[in-house]
Amino acid sequence: MKTFATSPYHDSILNVRRFMFDDIGKTIGLADNPNVGAPNFLLALGLCCYTEYWGRLLTGANKFDASRGRIGFNAFLERLDRVYCGNLIGSGVDLYKEVRCGLAHAYLIETSGNARIDMGNAGLHGIDYDKTTKKYVFWVRTYFDEFKGAVNRYINGLENGTENLQVIEDSLNERPELI
C-alpha cells in the first residue's frame, strides 16, 4: 500500500514546509530589530502566495491556470480558518482578488475602504474585514500562525491517510522540486 512516507514527493513536501516556515519566521524576526524592521508588505504577499501554493497541491492543480489559483487559494484559506470562506467569501468578499491579487499586482490590498498590514497578532483572524467600513487588516503574525497550523494539519492528514495522497502526487508530477 502506498503511503505518504513511501511517496517520491515525501522529502520535497517536508522541505517546502521547512523552507516556507523558516523564510517567513526569519523575516518576521526582523520586526524585533529596531534598526531593520520587517517588510510587512512582502510578508503579507509571501503568505498569500504560499497559501495559493498549498491550495494548488490540495486541489491537484499542476499547471498554471489563473482560475485554478483562485480555487486553490480559497480551498487552503478555508483550512486556515473557516471564517474566511464562510463569513467573507460566502458573503461576496473576494479575498483572492482584493488581498492576494491586490498585493501581487497592484502592490496594495484593493478595497474601496482602507487597508493596513500589521506585524502584530491582535486580530481574531489573520485577515480581518469590516463590511461596514470596507476596511481590511492583515495581521501578519496571526495569519502565519493560522498558515502553519493548516500546513501541519494537511501534512498530518497525508501521513495518517485522511488526505488524498494521489491528488498531491498528481499536482507535483512534472514540477520542479525544492531540494
Query raised in the report: If we scan the stretch 46-66, do we find a residue that is crowded, with 20+ Cβ neighbours inside 10 Å, aliphatic (A, V, I, L, M), at pLDDT 85 or above and in contact with a strand residue (DSSP E or B) (Cβ under 6 Å, 6 or more places away or on another chain)?
Result: no
Requested in this report: Return the total of residues in the stretch 131-142 being in contact with a strand residue (DSSP E or B) (Cβ under 8 Å, 6 or more places away or on another chain) and without any contact (Cβ under 8 Å) to a residue 40 or more places away in the chain.
Outcome: 4
Query - Every residue from the stretch 153-174 that is free of Cβ contacts under 8 Å to residues at least 24 places away in the same chain and either in a helix (DSSP H, G or I) or crowded, with 20+ Cβ neighbours inside 10 Å (or both) - result: ASN156, GLY157, ASN160, GLN166
Report summary line: Pairs returned, first residue in the stretch 11-26 that is under 12 Å from ILE155 (Cα atoms), second residue that is in a helix (DSSP H, G or I), beta-carbon separation under 6 angstrom, 6 or more apart or interchain, are ARG17/VAL151
Query raised in the report: So which residues in the stretch 85-119 are aliphatic (A, V, I, L, M) and buried (at least 16 other Cβ atoms within 10 Å of the Cβ), if there are any at all?
Result: LEU88, ILE89, VAL93, LEU95, VAL99, LEU103, ILE109, ALA115, ILE117, MET119
Query - Filter pass, GLY25 being touching a helix residue (DSSP H, G or I) at 6+ places or on another chain (Cβ under 9 Å), loosely packed, with under 12 Cβ neighbours inside 10 Å and closer than 17 Å to MET119 by Cβ - result: yes
Query raised in the report: Can ASP32 be described as out of contact with any strand residue (DSSP E or B) (no Cβ under 7 Å at 6 or more places or on another chain), exposed (fewer than 12 other Cβ atoms within 10 Å of the Cβ) and modelled with pLDDT of 90 or more?
Result: no
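The values are calculated or read from the model by the stated rules, or taken from the named source; none is laboratory data. All of these numbers come straight from a predicted model, not from anything done at the bench. Ideal geometry is used to build each Cβ from the backbone, glycine not excepted, and the neighbour counts take in all protein chains shown.
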